[in-house]
Amino acid sequence: MTPWVSGELHILISKLYQGCVNGREIRQFYQYCYAIAVSYLRVKKNRGKLYFNIESDVGKDLEDLATDCIMPLFEQDQPRCFIQFQTFFKSRFPNLQETSEADLFLALKGLILSCVDQELARYFKQVDMEGFRLYRNISLASERNKSLYERSWGNETYLYLFHPGWMFPSDYVKKRPMIYFDDLIQILYKNIRFHQDFPHYIQEILVEIERKEIYAMMVEKSLVHQAFRKVLSLNLRTEITDHVLVAEEHSPEERRDILINHLMMILKDAIVETYYRRGKIDDSMKTNYQIILKHYFSDLIQDGHTEALPEYWNTIIPRENTFPHHKSRLEYLIRLGREKMRELYKKI
């Protein structure tokens, strides 16, 4: 069953095909698309799938967000020619008159939901870079660790460990409940360690869940994101040692800045003593080293994972093709920085 009067969707899409839709019909079609988008966003919010606080943190309610998310679909290449919809429906249904109303509705819904997801990802990256990067690394975990698998079941996406011969989801659920948020927090907070390999850390968490034999041996991806956000915040608030003096009134962002600044002071001295004073690099390259290392360790401190070293080089020095000459030096400085971080994070 659709929200349209019988035959109405056929008429609207036929007119979109022909580019002869009038103003009232455009508004009507827009309202249908908007209703699908805002309903989808409400479901995502209620299930904790928006990943950022849509109201208090970014000052934008779901209705405004729904409007923003579907606007790319209403771009016009000329008056009354909505190229996105025309291209989509013409490619999917070359014989429009032979297509059922239900099929048109399901196709439109899929298009709207896909557009909303794309815009949410873009918006998430803008309003919450830290949370976006953490989500990105959770999403990439199964690609970077062959023991980890990611798979959808129903409306949710789960992470689990591969076991030969096991069937997903039955052999992983075994009639057990999914782990509760508070219990996942306890596992993360109890066992969190400083790891060079973020995907390996997710593997350790799943091993711990399996070992307890209380919950299903898989965990919802969005729940992992929420739990990591909370635990990383708690650690930044409570676990920085006396090596870095942090006032209680400092925010988590300020604590991260204090930590990275302390680390960069150490690395700056190492760059000067090891390479600059010995004439191996000039002033310009000394600065480049510092910028690259700051970006690298900022990523590492924020979410436990970094990009490949050449990516930092190409971002900071895109026209400098001498990376192989500097590779071993930067790798040494990164090893040194990691050792110093272990000292700064005594309890992690």
If you take the residues of the range 304-343 that are hydroxyl-bearing (Ser, Thr, Tyr) and crowded, with 16+ Cβ neighbours inside 10 Å, which of them is modelled with the lowest pLDDT?
Thr306
If you go through the range 60-111 one residue at a time, how many are among the acidic types (Asp, Glu), under 30 Å from the mean Cα position of the chain (by Cα) and in a helix (DSSP H, G or I)?
3
Mind checking whether some residue in the range 241-259 is of a type in the set (A, V, I, L, M, F, W, C) and at pLDDT 85 or above?
no
Testing Ser114 on (1) buried (at least 16 other Cβ atoms within 10 Å of the Cβ); (2) at pLDDT 90 or above; (3) under 20 Å from the mean Cα position of the chain (by Cα); (4) outside any strand (DSSP E or B), one condition comes back false. Which one is that?
(1)
Hey, can you tell me all the residues within the range 123-138 that are within 8 Å of the chain's Cα centre (by Cα) and open to solvent by 30 Å² or more (accessible area, probe 1.4 Å)?
Lys125, Phe132, Arg133, Tyr135, Arg136
Restricting the range 72-97 to residues that are of a type in the set (D, E, K, R) and modelled with pLDDT of 85 or more, the residue that is nearest to Ile11 (Cα to Cα):
Lys90
Answer yes or no as to whether Tyr289 is open to solvent by 80 Å² or more (accessible area, probe 1.4 Å) and modelled with pLDDT of 85 or more.
no
Go through the range 12-43 and give me each residue that's free of Cβ contacts under 8 Å to residues at least 12 places away in the same chain and either surrounded by 13 or more Cβ atoms within 10 Å (Cβ to Cβ) or touching a Cys at 6+ places or on another chain (Cβ under 7 Å) (or both).
Lys15, Ser39
Matching residues in the range 152-177 - criterion: being under 14 Å from Glu208 (Cα atoms) and of a type in the set (A, V, I, L, M)
Leu159, Leu161
Which residues, taken from the range 84-110, are within 19 Å of Arg27 (Cβ to Cβ) and without any contact (Cβ under 8 Å) to a residue 60 or more places away in the chain?
Gln84
Condition first: open to solvent by less than 90 Å² (accessible area, probe 1.4 Å) and assigned to a helix (DSSP H, G or I). Can you find one or more residues in the range 154-170 that meet it?
yes
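The values are calculated or read from the model by the stated rules, or taken from the named source; none is laboratory data. All of these numbers come straight from a predicted model, not from anything done at the bench. Don't worry about glycine lacking a Cβ; one is built from the backbone with ideal geometry, like all the others, and counts go over all protein chains shown. The protein model used for the area step is the full one, side chains on, heavy atoms only, and it has no ligands, DNA or RNA in it. Shrake-Rupley method; radii C 1.70, N 1.55, O 1.52, S 1.80 Å.
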